[in-house]
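Written below as structure tokens is the structure these notes are about.
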Amino acid sequence: MAITFSDAAKKNMEVKGLKEDDIKKIIESAGTDRIFNGERFIAKKVIGDLTVYADYSGKDGNITVNGAYCHKLSIRDIVLTGEDSGWKYCKNNKPVMKGHTDLEYMGAVRSGPSLVEPESGESWFEEYLANGALTTAEGLFEQKRA
Amino acid sequence: MGYEELFPTNDLNGWHANAAKRFASPFVDNYHDRIDVDPIMLSNAAVHCGFTIRDFYEKPELGIHCVGYIAELFDLLPVTHWFFSLPWVRELGMTLVYKDTLPPIPTGPIYEPTAEGIENLKPIEKEDLLKGSTIPLFYNLYDYVQKNLPHTLVPISYGFDLVGASAELIGVENFIMWTFTEPDLAHKLVDTFVETSINGADALSDKYGMAMLIVGSVLANNDIFADEQVEEYGAKKMGHYVDQCFRKGAGPQIFYHLCGNHETSYKVFRNNLVWSPFTVIHVGYKGRIDFPSELLKQEFQDVATCMGSVDTKLMINPNPKAVYERSKECLLAGRDAKKGFILGNTCETPPYTIPGNLLAMTRAARDFGTYGTW
């Protein structure tokens, strides 16, 4: 499997301190534990205290990583399930919905907007949210819990 | 002389340090002191400091300094805010005038209530907003706070009343009629204002790295509309506004203000709004009574910090005991909300709120504002 990284993915990996090897492992070991929308896939894996995501596309063994990102907040239960997001979960071929999922960090549990598949109980967070609101939220938790 | 020279510094190590820890507590499950009190104080802060309502709105830096300063007197939130209900409309062509006893109000509708009348209405792009009046106003305001009241700074971008502000463009009564007769045009109006507000949040978060979002459903309430219309024009547009603002880097703090009567329409918001880790939800009235904290908790405690409502009418009634008793009811019903509780009024506390009534709210919070069993 040939995996290449987009400039945007490389830039964010540098900011977040993510390693290419870790992202490759997420993609190679995902199996059906990933969601897809057309030719785009998102797979995630908990590495240490981080939930790390690979957003990638490609076929015939040639993969391009469009985005690689992470959050420190731990994913807990689905809180709300909304309309169809256009994504599907490869493991059970069920539609992935827009929703909200509880996140836990430093002992506090709060909700965030997510992609959810209610039957499996799985949730995913998109890159704009992980790099924006969730990163700011982590900073506020760290500051306010101190 | 700058406005900063009119005010002594807050007690930073005493009052402010404690208030800041208390303010954070409902959001991070680190309970401290008591439940906070937020009477949504705006021009009342200026009045307390000897200025006028007009001063508050005409001189935003003075207004926000009054808010930051006077919060210490009543042991309120340790953060500042300054706003009025019609951001972004000047960029869309409206003229606002200042009044002695009111926030800025429009001189009147600017579009004919016809399809041709709003044919050229388009969202204002971020680059054009930077040259307008709202963004420079808030940049100047937050620059002032950063320099003179940095301990109180929370950059806020306002969508505020997405429906009400849009309605002003053609006249509120015409807009209400359009929701029945010309829904496509009514949607175009609201969507134009929403997209403009999203671009405004983008500009604010560009400069400050984040932007708390304040957005409400004010005109879209049960005194005017059925639940279906509140959902269509209020809740769904608010959800879209926050979703798009988040995609542009704003958030993560959100304050949802469901103003006026949401007797049954409160039910249309839970599934349509975006809930972030730092969200506060506030509902004004259920029919003619201040919205019950028990019901607020039941509907929203899984997704947000709940802000209870003490009727603003009580705040100008010379009867602090009545405020104290109502605050007590509110606190006892709401204080064990899963994601925290704040004691508030049904809307902005009136400009001529009686100081004894504000003290009554804080006193009630001290007496009854612990987090349930804690």
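For region B:131-153, a residue qualifies if it is surrounded by fewer than 16 Cβ atoms within 10 Å (Cβ to Cβ), over 30 Å from residue B:12 (Cβ atoms) and not small (Gly, Ala, Ser), and exactly one does: B:131.
None of A:103, A:129, A:134 is in contact with a helix residue (DSSP H, G or I) (Cβ under 9 Å, 6 or more places away or on another chain) and over 21 Å from residue B:236 (Cα atoms) except A:103. Scanning region B:256-301 for residues that are among the polar types (S, T, N, Q), at the interface with chain A (Cβ under 10 Å from one of its Cβ atoms) and in contact with a Gly (Cβ under 8 Å, 6 or more places away or on another chain) turns up B:271, B:272, B:276. Filtered by the rule that a residue be open to solvent by less than 20 Å² (accessible area, probe 1.4 Å), touching a residue at least 60 places away in the same chain (Cβ under 8 Å) and out of contact with any Lys or Arg (no Cβ under 8 Å at 6 or more places or on another chain), region B:261-286 gives B:280, B:282, B:284. All told, residue B:121 meets the bar of being crowded, with 18+ Cβ neighbours inside 10 Å, over 28 Å from residue B:347 (Cβ atoms) and away from chain A (no Cβ under 14 Å). Screening region B:119-164 for residues that are of a type in the set (Val, Ile, Thr) and in a loop (DSSP other than H, G, I, E, B) and picking the one that is nearest to residue B:205 (Cα to Cα) gives B:154. With the requirement that a residue be out of contact with any Phe, Trp or Tyr (no Cβ under 9 Å at 6 or more places or on another chain), over 26 Å from residue B:202 (Cα atoms) and loosely packed, with under 14 Cβ neighbours inside 10 Å, what does region B:90-118 give you? Within region B:90-118, B:97, B:100, B:101, B:107, B:108, B:112, B:114, B:115, B:116 qualify. Whether a residue is under 29 Å from residue B:104 (Cβ atoms), in contact (Cβ under 8 Å) with a residue 40 or more places away in the chain and assigned to a helix (DSSP H, G or I) was assessed, and residue B:40 does not pass this test.
For region B:34-64: of the residues being closer than 26 Å to residue B:363 by Cβ and of a type in the set (Gly, Ala, Ser), which is surrounded by the fewest Cβ atoms within 10 Å (Cβ to Cβ)? Looking at the filtered set, the residue picked out is B:50.
Considering every residue within region B:302-324, establish whether at least one is open to solvent by 20 Å² or more (accessible area, probe 1.4 Å), closer than 24 Å to residue B:223 by Cβ and within 13 Å of chain A (Cβ to nearest Cβ). No, region B:302-324 contains no residue that is open to solvent by 20 Å² or more (accessible area, probe 1.4 Å), closer than 24 Å to residue B:223 by Cβ and within 13 Å of chain A (Cβ to nearest Cβ). Just to be sure before I move on: is residue B:86 touching a strand residue (DSSP E or B) at 6+ places or on another chain (Cβ under 7 Å), buried (at least 19 other Cβ atoms within 10 Å of the Cβ) and in a loop (DSSP other than H, G, I, E, B) in the structure I sent? Against the criterion (touching a strand residue (DSSP E or B) at 6+ places or on another chain (Cβ under 7 Å), buried (at least 19 other Cβ atoms within 10 Å of the Cβ) and in a loop (DSSP other than H, G, I, E, B)), residue B:86 qualifies. Among the residues of region B:42-76, just one is among the charged types (D, E, K, R) and on the phi > 0 side of the Ramachandran plot, namely B:75. In region A:46-146, counting only strands (runs of 3 or more DSSP E) that sit wholly within it, the ones holding 1 or more residues that are surrounded by 19 or more Cβ atoms within 10 Å (Cβ to Cβ), away from chain B (no Cβ under 14 Å) and among the β-branched types (Val, Ile, Thr) span A:50-59, A:62-71, A:95-105.
The values are calculated or read from the model by the stated rules, or taken from the named source; none is laboratory data. Predicted, not measured: the structure shown is a model, and the values here were computed from it. All Cβ positions, glycine included, derive from the backbone under ideal geometry; neighbour counts span all protein chains shown. Side chains included, ligands, DNA and RNA excluded: accessible areas come from the protein's heavy atoms. Shrake-Rupley method; radii C 1.70, N 1.55, O 1.52, S 1.80 Å.
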